[in-house]
Amino acid sequence: MIFRRIRAIFLIIVLILIFFNVFQRFSFLKGDFISSKKVIVIDPGHGGKDSGTISVNNHYEKDINLEIAKKLHEKLMSMDYKVILTRETDEFVDNNYRADMANEKKARIFVSIHGNAIENNNSINGIQVLYYPNRRSTINDSNNDVLAQIMLDELVKGTGATDKGIIGREDLIVLNQTKMPAIIVEYGFLSNENEEKLLLNDSYQDKVVASIVNGLEYYFSLNPEN
Ligand SMILES: [Zn+2]
């Protein structure tokens, strides 16, 4: 009798374990993503009433951000990542909303796309990557500066642009409110005429996109499932 009871309890425990295991695997039934591992949030900076910087020849940063972000979106989708854009059109999006969206979607990584500018100086050019130095992440990854450096190295290698370094920034909402590794790619200086020209060019944009993809793939290879 006692053995039967023990066996019954044992069976129940096994069934519960199987149930939870299966439920976890099929968590998309609850409307969640199957896994956050493949979710990438791409954030085209500015939009709508916020044009971002205006280039030497009056192109808006917000438009170039969106072009590059959409290409990146398309490329990553073709590689089976789940990619979410914080905006898909020329609309104003609050920075807190961008960070909240990434947190809600349990993004594996957050990449914000921006163009740079410097007032009264048209000679400065090159790529920078910004990161938050004190991430409160629960993901057991490399620190943000590692991601920023990998990304910068790939971008400099892939585009031939000047290396303007990685910069820790504590004051930027999309970096300090996101809970996952997050960076801002400053793809070039729109205040520099030559770089502006390159950034309006389709094939140069493709190089920027390919470099970001390489950076992400390399980063993921160093930080596999955890
Ligand atoms: Zn910007």
Original post:
So which residues in the range 99-110 are within 16 Å of the ligand (Cβ to nearest atom) and part of a strand (DSSP E or B), if there are any at all?
Top reply: PHE110
**OP:** May I ask you to list the residues in the range 111-123 that are more than 15 Å from the ligand (Cβ to nearest atom) and surrounded by 14 or more Cβ atoms within 10 Å (Cβ to Cβ)?
**Re:** ASN122
Subject >> Residue that is more than 24 Å from GLU104 (Cβ to Cβ) and either modelled with pLDDT under 95 or assigned to a loop (DSSP other than H, G, I, E, B) (or both), where the choices are VAL208, VAL146, VAL156, VAL129 >> reply: VAL146
Original post:
Does VAL213 satisfy the condition of being under 16 Å from GLY45 (Cβ atoms) and in a helix (DSSP H, G or I)?
Top reply: no
**OP:** Look at the range 29-67 and say how many of its residues are more than 12 Å from the ligand (Cβ to nearest atom), within 30 Å of SER221 (Cβ to Cβ) and modelled with pLDDT of 95 or more.
**Re:** 4
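On the given criteria, is ASP90 within 16 Å of the ligand (Cβ to nearest atom), over 15 Å from the mean Cα position of the chain (by Cα) and either under 25 Å from GLY48 (Cα atoms) or assigned to a helix (DSSP H, G or I) (or both)? So that I can check it myself, show each step before the final result.
Numbers: within 16 Å of the ligand (Cβ to nearest atom): yes; over 15 Å from the mean Cα position of the chain (by Cα): yes; either under 25 Å from GLY48 (Cα atoms) or assigned to a helix (DSSP H, G or I) (or both): yes.
Here the answer is yes, as ASP90 does meet what is asked.
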Original post:
Just checking, which of ASN140, ASN144 is away from the ligand (no atom under 16 Å from the Cβ) and surrounded by 19 or more Cβ atoms within 10 Å (Cβ to Cβ)?
Top reply: ASN144
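The values are calculated or read from the model by the stated rules, or taken from the named source; none is laboratory data. Just so it is clear, the structure is predicted and the values come from calculations on it, not from any experiment. Reconstructed Cβ throughout: ideal geometry from the backbone, glycine too, with neighbour counts over all protein chains shown.
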